[in-house]
Amino acid sequence: MSPAVPSFELLPGAGTSPVILHVPHGARAVPPEVRAGIVLDDRALERELDHIVDAHTAELAERAAGLARATPWRFVNRLSRLVVDPERFPDEREEMLAVGMGAVYTRTTHREALRDPAIDPEPLLERYFRAYARAMTEAVADRLAATGRAVIVDVHSYPTRPLPYELHGHGPRPAICLGTDPFHTPGPLLAAAREAFGAWGDVGLDSPFSGTYVPLEYYGSDARVRALMVEIRRDTYMTEPGGPAGPGLGRLAESLAALVDAAGAL
């Protein structure tokens, strides 16, 4: 049985663009069969979604794509990260397992029970996680074949105040946090991001969140795949938690479009 909402969507861009805007955490949808395994009542679940969802990031990516000179490709998760988190390692390499938030979460943002901790994650991994990973790998392979390179720009947001689940919440919380990887984030890409978001005046590096997403087939081995995570502090564009977007969203779209243009030209 397929979920009522498609798990993910690849929205085509220009054939000449190497850029993929990746939006993994922007959705709230939880299929009924997955909802049945979550122990929160409906009100508590909605509140958890308010905290955990990177609200309005799919719209941000859409607006930026419309402003860019060459339309980037967009890979958008249409299901909540409470179903599976496609950006986690699916095994013991994942540090967030320490707080019950590996690829399949068993704890909430406030470290309360989300699922039975004895749950077998394999059915969810097989049904949702691996299909997502295969599709993202194929999207990157397609950009490599078409342009000789792929540039993944991860689009995220994070709360103004740290939540209890954060392992590194004690560090700086700039308006824009750029997450990097020592192999996949070359200096020119990082410099382009700093310039694109420079008008925000507060651009930090790898705090409170670090790293960026690269499909495992290419991770640490193929330098043609470049990647950068853009984490946006939520008070810059929305009412927290889970509220409407404000005028900051339009300004952010302009900045993200500038990054897309620069990344496509590197």
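The values are calculated or read from the model by the stated rules, or taken from the named source; none is laboratory data. Everything numeric in this text was worked out from a predicted model, so none of it was measured. All Cβ positions, even for glycine, are placed from backbone atoms using ideal geometry, and neighbour counts span all protein chains on display. Please note that ligands, DNA and RNA were not included when accessible areas were found on the heavy atoms of the full protein model with its side chains. Shrake-Rupley method; radii C 1.70, N 1.55, O 1.52, S 1.80 Å.
Tabulated results
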item: Most fluctuating residue given options 62, 95, 33, as computed from a GNM of the chain linking Cα atoms under 10 Å; result: 33
item: Full-extension gain in nm, residue 199 to residue 167, via 0.36 nm per residue minus C-alpha separation; result: 8.6 nm
item: Rounded, prolate or oblate (a/c below 1.5 giving rounded, otherwise prolate when a/b exceeds b/c) for region 122-210 by Cα gyration tensor; result: oblate
item: Estimated distance in nm for a label pair at residue 190 and residue 91, the labels positioned 7 Å out from Cα along Cα-to-Cβ; result: 2.8 nm
item: Value of [θ]222 nm, deg cm²/dmol, for the chain, DSSP H segments ≥ 4, -39500 (n - 2.57) each, nearest 500; result: -8500 deg cm²/dmol
item: Charge dipole (region 159-259, unit charges on Cβ, about Cα centre) - positive-most of 239, 223, 169; result: 239
item: Spin-label pair residue 160/residue 216, simplified geometry with 7 Å Cα→Cβ offset, distance in nm; result: 3.9 nm
item: Debye, to nearest 20: dipole size of region 147-239, +1 on Lys, Arg Cβ, -1 on Asp, Glu Cβ; result: 140 debye
item: Given charges at beta-carbon only (K, R positive; D, E negative), |dipole| of the chain in Debye; result: 520 debye
item: Solvent-accessible surface ranking, highest first, for 178, 266 at 1.4 angstrom; result: 266, 178
item: Cβ-Cβ FRET estimate between residue 137 and residue 62, R0 fixed at 25 Å, reported to 0.05; result: 0.60
item: Under 12 Å, Cβ to Cβ, from residue 36 - net charge with Lys/Arg +1 and Asp/Glu -1; result: 0
item: Local electrostatic count, residue 108, Cβ distance below 11 Å [Lys/Arg +1, Asp/Glu -1]; result: +2
item: Once the Cα gyration tensor of region 144-266 is diagonalised, semi-axes √(5λ) in Å; result: 25, 17, 12
item: Dipole-positive endmost among 8, 260, 44 within the chain (Cβ charges, Cα centre); result: 260
item: Neighbour net charge for residue 49 - beta-carbon separation under 12 angstrom, K R +1, D E -1; result: 0
